[in-house]
Amino acid sequence: MALSGLRVLELAGLAPAPLCGMILADFGARVVRVDRAPRSAVAADAQGRGKRSLALDLKRPAGAAALRRLCRGADVLVEPFRHGVMEKLGLGPEVLLQENPRLIYARLTGFGQSGKYAKSAGHDINYLALSGVLSKLGRKDENPYAPVNLLADFAGGGVMCAMGIIIALYERTKSGKGQIVDASMVEGAAYLSSFLWKSQNLGLWNRPRGENLLDSGAPFYETYKTSDGKYMAVGAIEPQFYEQLVKGLGLDSNKLPSQLSFSDWPKMKKMFASIFAQKTQTEWCSIFDSTDACVTPVLSFDDAASHQHNKQRGSFIKNDQEEISPRPAPLLSRTPAVPSFKRDPFIGEHTEEILLEYGFTKQEIAKLHSDKVIEFSKPKANL
Amino acid sequence: MALSGLRVLELAGLAPAPLCGMILADFGARVVRVDRAPRSAVAADAQGRGKRSLALDLKRPAGAAALRRLCRGADVLVEPFRHGVMEKLGLGPEVLLQENPRLIYARLTGFGQSGKYAKSAGHDINYLALSGVLSKLGRKDENPYAPVNLLADFAGGGVMCAMGIIIALYERTKSGKGQIVDASMVEGAAYLSSFLWKSQNLGLWNRPRGLGLDSNKLPSQLSFSDWPKMKKMFASIFAQKTQTEWCSIFDSTDACVTPVLSFDDAASHQHNKQRGSFIKNDQEEISPRPAPLLSRTPAVPSFKRDPFIGEHTEEILLEYGFTKQEIAKLHSDKVIEFSKPKANL
């Protein structure tokens with residue numbers, strides 16, 4: 001696999017770092033999630049696919065020393081803490097990179113490693129707000145709307161950090177050296193949205209939020225409710241696609257205002273809404289499938305997994321526990337991702353096996369265990 | 001720079017492929033955008049930072065042959081067309097990978113290279129709809145709301161494709177071989193949203209859309225039935241002070257309250273200035289600094305203006321081994337275009 005042989009240590013945290021670790025695991029890296037001991041009450045990592053778990057008490061000197069030792073044998077470290085936390089544990093990048101100059105030390109935070117907010121708590125919606133991106137999202141006359149925690153936590157966080165790590169790994173094949181990856185979710189969300197900044201002089205964003213071409217202002221770039229309470233998504237921007245949309249709706253384009261007549265947009269939205277409300281989602285699909293009208297059903301999770309196109313692509317996978325989730329993207333033809341089908345690891349399930357792999361002796365492990373610096377999750381820990 | 005020495009050919013298209021090319025350029029690759037000749041009426045690439053432009057008529061056999069030759073000397077090809085288009089031009093992956101087995105052939109589309117919709121037109125909102133993700137977005141009692149074209153075109157498209165290309169480049173350092181990257185925006189948007197699928201049994205999504213995570217999540221405040229009332233209460237309180245007043249109350253606390261900044265305010269906000277999160281180019285245009293920050297070999301985004309279409313046609317062809325005579329012929333046959341006012345060959 002593409003990332004075979006790479007050893008990754010992911011310090012357990014909330015959603016962003018686990019996605020980063022899961023991507024690396026999906027593409028073949030050996031990812032160890034370092035969980036907290038004693039066990040914390042917070043919900044377990046839901047993105048634990050393909051990882052192993054080692055439970056360690058980092059606050060104990062012997063625990064921090066153990067992690068420091070693990071880092072000497074690792075390729076990548078992913079840590080999600082506010083700046084200063086790792087330094088206080090004696091595990092800052094200067095220390096670890098001196099002991100292992102090939103280490104990729106990835107730091108994934110909301111606000112970044114520097115700046116006024118670097119020590120403040122926050123969540124996706126805050127990072128998105130600070131980036132400027134949130135100001136562009138949401139319908140007219142409503143408050144800005146953050147799309148769950150997808151844009152900052154995941155797209156601008158987990159994915160962007162994974163990309164940065166792989167860029168650093170690629171660079172390391174030439175230089176032989178590691179480095180620090182400072183992944184700020186504010187910046188990641190902004191960077192992936194660069195188009196919004198760079199297209200300002202193209203006339204796409206001249207109107208207030210919710211009245212533009214791509215942010216629900218246009219009748220031909222919107223979602224509409226069907227007679228059975230489901231929705232269709234319309235994305236017919238180009239004139240030739242718009243023509244097919246109009247035809248599929250049973251309208252005569254000669255009798256309609258021109259497509260880009262902004263002042264007619266609210267009226268046209270109401271018209272389209274009343275037409276879409278007359279048929280079911282399935283009926284609309286049979287009208288619009290195999291056309292270039294850019295009209296697709298808004299699928300629920302269940303329907304997405306069973307939709308014909310997605311089934312033909314194998315876009316969704318089912319693991320051994322019958323749980324469905326998206327197949328890793330993108331598809332590499334020769335060395336694709338091979339996501340694990342096993343259940344996610346229990347916290348501390350692989351503590352002993354991992355420490356042995358990294359060169360700890362059975363005696364050292366026994367001591368750490370009796371000192372409660374590490375935890376096993378096996379019912380009978382037999383040393 | 002991290003991707004120095006890599007040669008990338010990006011076939012000009014809409015938003016997703018240009019972002020992919022821009023990311024590679026920002027991190028040091030030499031990106032050539034192959035534009036259409038004759039010039040098309042569609043808006044130019046707004047994400048042309050750091051690229052050079054070669055204008056070529058791919059529909060002419062000599063144009064397709066020129067691109068085929070360029071691909072022999074390239075590391076990465078990014079093409080945004082529906083499946084079948086490149087094949088029809090004689091530029092499909094089987095052909096190009098045989099001539100250059102080290103080539104990373106990246107295909108960035110909405111629906112992917114296979115499946116029922118593979119030949120259908122679409123846009124971000126359609127891909128998001130098909131992925132299942134759109135069904136989770138939007139306020140209570142309103143239609144699902146797509147966040148502009150950020151999730152499928154860019155996050156699940158341009159960024160995901162760039163990541164796939166770099167994974168393939170890394171793998172190539174071990175195997176010596178290229179491969180095809182089939183980047184589907186439906187799948188990219190879904191994959192980055194994996195948490196939504198995987199957290200279904202954590203009780204985060206039990207209620208109808210819009211009553212999920214609108215407020216902060218401290219355990220003592222999870223009385224769902226009170227949420228609508230609490231929102232009204234918070235709203236009336238927030239409405240009593242200005243954004244600046246609220247910032248002075250909440251800055252430097254752990255209340256997780258931040259201003260929703262406009263683009264202008266984002267660039268001048270103190271935190272963002274301290275981080276250097278926004279950059280200004282030679283034309284005084286502001287845009288986000290490339291992410292993430294690599295300490296030793298960071299991205300170095302170009303400050304020059306974006307290239308004009310066809311601005312570097314001649315220089316690029318010379319670099320890739322075409323002779324002046326060959327270039328002159330292609331030009332006189334109108335297979336290629338220069339944008340220089342005086343093309344002197």
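The values are calculated or read from the model by the stated rules, or taken from the named source; none is laboratory data. Bear in mind the structure is a predicted one, so any value in this text is a computation, not a measurement. Neighbour counts run over all protein chains shown; Cβ positions are idealised from the backbone, glycine included. Note: accessible area is taken over every heavy atom of the protein model, side chains too, but ligands, DNA and RNA are not part of it. Shrake-Rupley method; radii C 1.70, N 1.55, O 1.52, S 1.80 Å.
Of everything listed in (1) closer than 14 Å to residue A:224 by Cα; (2) among the small types (Gly, Ala, Ser); (3) facing another protein chain (nearest Cβ under 9 Å), the single unmet condition for residue A:300 is (1). The residues on offer are A:183, A:118, A:162, and the sole one that is under 14 Å from the mean Cα position of the chain (by Cα), hydrophobic (A, V, I, L, M, F, W, C) and outside any helix (DSSP H, G or I) is A:183.
Cβ-Cβ contacts under 8 Å between residues 6 or more apart (or on different chains), taken from a first residue in the range A:144-165 that is free of Cβ contacts under 8 Å to residues at least 40 places away in the same chain to a second residue that is of a type in the set (Phe, Trp, Tyr), are listed as A:145/B:145; A:147/B:145; A:155/B:154; A:156/A:127; A:156/A:191; A:160/A:191.
In the range B:83-103, the condition of being within 18 Å of residue B:156 (Cα to Cα), within 14 Å of another protein chain (Cβ to nearest Cβ) and in contact with a strand residue (DSSP E or B) (Cβ under 6 Å, 6 or more places away or on another chain) is met by no residue.
Tallying residues that are within 27 Å of residue A:333 (Cα to Cα) and touching a residue at least 24 places away in the same chain (Cβ under 8 Å) within the range A:18-42 yields 14. Give me the residue from the range B:319-336 that is open to solvent by 50 Å² or more (accessible area, probe 1.4 Å) and at pLDDT below 85 and, out of that set, farthest from residue B:284 (Cα to Cα). Among them, the one singled out is B:334.
Does the range B:133-151 hold any residues that are of a type in the set (Gly, Ala, Ser) and under 21 Å from the mean Cα position of the chain (by Cα), and which are they?
B:146
In the range A:24-46, of all residues being out of contact with any Gly (no Cβ under 7 Å at 6 or more places or on another chain) and at pLDDT 90 or above, the one that is surrounded by the most Cβ atoms within 10 Å (Cβ to Cβ) corresponds to A:24. Within this structure, residue A:90 fails the test of being in contact with a Gly (Cβ under 9 Å, 6 or more places away or on another chain) and either in contact (Cβ under 8 Å) with a residue 40 or more places away in the chain or small (Gly, Ala, Ser) (or both). Given (1) at pLDDT 80 or above; (2) hydroxyl-bearing (Ser, Thr, Tyr); (3) more than 21 Å from residue B:19 (Cβ to Cβ); (4) surrounded by 15 or more Cβ atoms within 10 Å (Cβ to Cβ), identify the lone condition not met by residue B:295. For residue B:295, the failing item is (1).
Exactly one condition in (1) facing another protein chain (nearest Cβ under 7 Å); (2) buried (at least 20 other Cβ atoms within 10 Å of the Cβ) is not met by residue A:209; state its number. Tallying (1) facing another protein chain (nearest Cβ under 7 Å); (2) buried (at least 20 other Cβ atoms within 10 Å of the Cβ), residue A:209 fails exactly one: (1). The residues on offer are B:259, B:307, and the sole one that is more than 7 Å from chain A (Cβ to nearest Cβ), over 30 Å from residue A:97 (Cα atoms) and either open to solvent by less than 40 Å² (accessible area, probe 1.4 Å) or among the aromatic types (Phe, Trp, Tyr) (or both) is B:307. If you go through the range A:236-250 one residue at a time, do you hit one that is under 29 Å from residue B:262 (Cβ atoms) and either in a helix (DSSP H, G or I) or not aromatic (Phe, Trp, Tyr) (or both)? Checking the range A:236-250: at least one residue is under 29 Å from residue B:262 (Cβ atoms) and either in a helix (DSSP H, G or I) or not aromatic (Phe, Trp, Tyr) (or both). Residue B:297 versus (1) in contact (Cβ under 8 Å) with a residue 40 or more places away in the chain; (2) out of contact with any helix residue (DSSP H, G or I) (no Cβ under 6 Å at 6 or more places or on another chain): which is the lone unmet condition? Looking at each condition in turn, residue B:297 falls short on (2).
From the list A:136, A:116, which one is of a type in the set (Lys, Arg), free of Cβ contacts under 8 Å to residues at least 60 places away in the same chain and closer than 18 Å to residue B:259 by Cβ?
Among A:136, A:116, only A:116 is of a type in the set (Lys, Arg), free of Cβ contacts under 8 Å to residues at least 60 places away in the same chain and closer than 18 Å to residue B:259 by Cβ.
Filtered by the rule that a residue be open to solvent by 60 Å² or more (accessible area, probe 1.4 Å) and farther than 21 Å from residue A:98 by Cβ, the range A:64-85 gives a lone residue, A:82. Could you say whether any residue in the range A:180-187 is acidic (Asp, Glu), at the interface with chain B (Cβ under 8 Å from one of its Cβ atoms), in contact (Cβ under 8 Å) with a residue 60 or more places away in the chain and closer than 30 Å to residue A:106 by Cβ? Yes, the range A:180-187 contains a residue that is acidic (Asp, Glu), at the interface with chain B (Cβ under 8 Å from one of its Cβ atoms), in contact (Cβ under 8 Å) with a residue 60 or more places away in the chain and closer than 30 Å to residue A:106 by Cβ. Of everything in the range B:47-63 that is open to solvent by less than 10 Å² (accessible area, probe 1.4 Å) and small (Gly, Ala, Ser), the residue that is nearest to residue B:92 (Cα to Cα) is B:63. Annotation: of all residues in the range B:109-145 being polar (S, T, N, Q) and in contact with a His (Cβ under 8 Å, 6 or more places away or on another chain), the one that is nearest to the other protein chains (Cβ to nearest Cβ) is B:114. In the set (1) open to solvent by less than 20 Å² (accessible area, probe 1.4 Å); (2) more than 12 Å from chain A (Cβ to nearest Cβ), the condition left unmet by residue B:106 is number (2). Taking the range A:218-229 as the range and being buried (at least 20 other Cβ atoms within 10 Å of the Cβ), in contact (Cβ under 8 Å) with a residue 24 or more places away in the chain and facing chain B (nearest Cβ under 9 Å) as the test, the residues that pass are A:222, A:223, A:224. Here are some conditions: (1) part of a loop (DSSP other than H, G, I, E, B); (2) without any contact (Cβ under 8 Å) to a residue 12 or more places away in the chain. Residue A:98 meets all but one. Which one does it not meet? Residue A:98 satisfies every listed condition except (1).
Exactly one residue out of B:283, B:274 is facing another protein chain (nearest Cβ under 7 Å) and either of a type in the set (Phe, Trp, Tyr) or in contact with a Lys or Arg (Cβ under 7 Å, 6 or more places away or on another chain) (or both): that is B:274. Is it true that some residue in the range B:156-168 is open to solvent by 10 Å² or more (accessible area, probe 1.4 Å) and out of contact with any strand residue (DSSP E or B) (no Cβ under 8 Å at 6 or more places or on another chain)? Looking for residues that are open to solvent by 10 Å² or more (accessible area, probe 1.4 Å) and out of contact with any strand residue (DSSP E or B) (no Cβ under 8 Å at 6 or more places or on another chain), one finds none in the range B:156-168, hence no. Among the residues of this structure, residue A:215 counts as one that is in contact with a Lys or Arg (Cβ under 7 Å, 6 or more places away or on another chain), in a loop (DSSP other than H, G, I, E, B), in contact (Cβ under 8 Å) with a residue 40 or more places away in the chain and facing chain B (nearest Cβ under 7 Å). Selection of the range A:4-39 for residues being in a loop (DSSP other than H, G, I, E, B), in contact with a strand residue (DSSP E or B) (Cβ under 9 Å, 6 or more places away or on another chain) and within 14 Å of chain B (Cβ to nearest Cβ) yields A:4, A:5, A:6, A:13, A:27, A:29. Of all residues in the range A:121-137, those being part of a loop (DSSP other than H, G, I, E, B) and either polar (S, T, N, Q) or surrounded by fewer than 22 Cβ atoms within 10 Å (Cβ to Cβ) (or both) number 2.
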